[in-house]
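S.K.: Following this message is one structure expressed as structure tokens.
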Amino acid sequence: MIALVLAAAAAPMWVPVGMTASRLRVFVDKASLHEVEGRRQVRVRLGAPTAITGRIVLVYQDEEFDCRARQWRMLAFEAQDEDGKVVQRSTPAAAPPPLLPALDHTIGGEVARTVCAF
């Protein structure tokens, strides 16, 4: 069973991670961090001062990390416009997607390093 972070009970504690190649700022919500079956789940925020694509300016992703294997997967996401209105949302699949490598020298690798260091 997948436990999602979408409705984290604690107030967010956004920790800056870095910036993507397309200039999106990336943050991890340390308050949302929890473990499920030996893997860490956390909420990630991607944002830009202007639209990311279309009307989207902010994306929240619930991600899961296997720190020992240096792998990750996205469990769900929610995209918002500048007014905070949800314009796109994924729904968790019955079975989680496969884990992917968290590659060094990428923003994904940096997010994995940050999450696994908490």
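The values are calculated or read from the model by the stated rules, or taken from the named source; none is laboratory data. Since the model is a prediction, treat every value here as computed from it, not as a measurement. Virtual Cβ from ideal backbone geometry, glycine too; neighbours counted across all protein chains shown. To get the accessible areas, we keep the full protein, side chains included, count just its heavy atoms, and leave off ligands, DNA and RNA. Shrake-Rupley method; radii C 1.70, N 1.55, O 1.52, S 1.80 Å.
S.K.: Taking loop as defined by DSSP and a crowding limit of 16 other beta carbons within 10 Å, which trypsin sites (Lys or Arg not before Pro) in segment 28-64 fit?
M.R.: Working: sites: K30, R39, R40, R43, R45, R55; in loops: R55.
Answer in residue order: R55.
S.K.: Show me the three semi-axes of the equivalent ellipsoid for segment 79-118, from the C-alpha gyration tensor (sqrt of 5 times each eigenvalue), largest first, rounded to whole Å. It would help to have the intermediate numbers written out before the result.
M.R.: On the way: eigenvalues 132, 62, 18 Å².
Taking √(5λ) for each Cα gyration eigenvalue gives 26, 18, 10 Å.
S.K.: In segment 9-82, what GluC sites (Glu not before Pro) fall in a loop by DSSP, with at most 16 other Cβ atoms inside 10 Å?
M.R.: Values: sites: E35, E37, E63, E64, E78, E82; in loops: E37, E82.
Those that pass, being in a loop and sparsely packed, are E37, E82.
S.K.: Let me ask another. Tell me the per residue accessible area of the chain using a 1.4 Å probe; a whole number in Å² is fine. Write out the running numbers ahead of the final one.
M.R.: Values: 6840 Å² over 118 residues.
Result: 58 Å² per residue.
S.K.: Using only Cα atoms and rounding to the nearest 10 degrees, what angle (0 to 90) does helix 107-117 make with the longest principal axis of the chain?
M.R.: That works out to roughly 50 degrees.
S.K.: Separate question: Select one label from [x] 58; [y] 26; [z] 34: the one whose number is percent of Cα pairs over 23 Å apart as derived from the coordinates shown.
M.R.: The listed entry that was calculated here is [y].
S.K.: Ok, one more. Karplus couplings for segment 79-91 from phi (6.51 cos²θ - 1.76 cosθ + 1.60, θ = phi - 60°), rounded to Hz, Gly and Pro as x?
M.R.: Taking θ as phi minus 60°, the curve returns 10, 10, 8, 5, 8, x, 7, 6, 10, 7, 8, 9, 10 Hz for segment 79-91.
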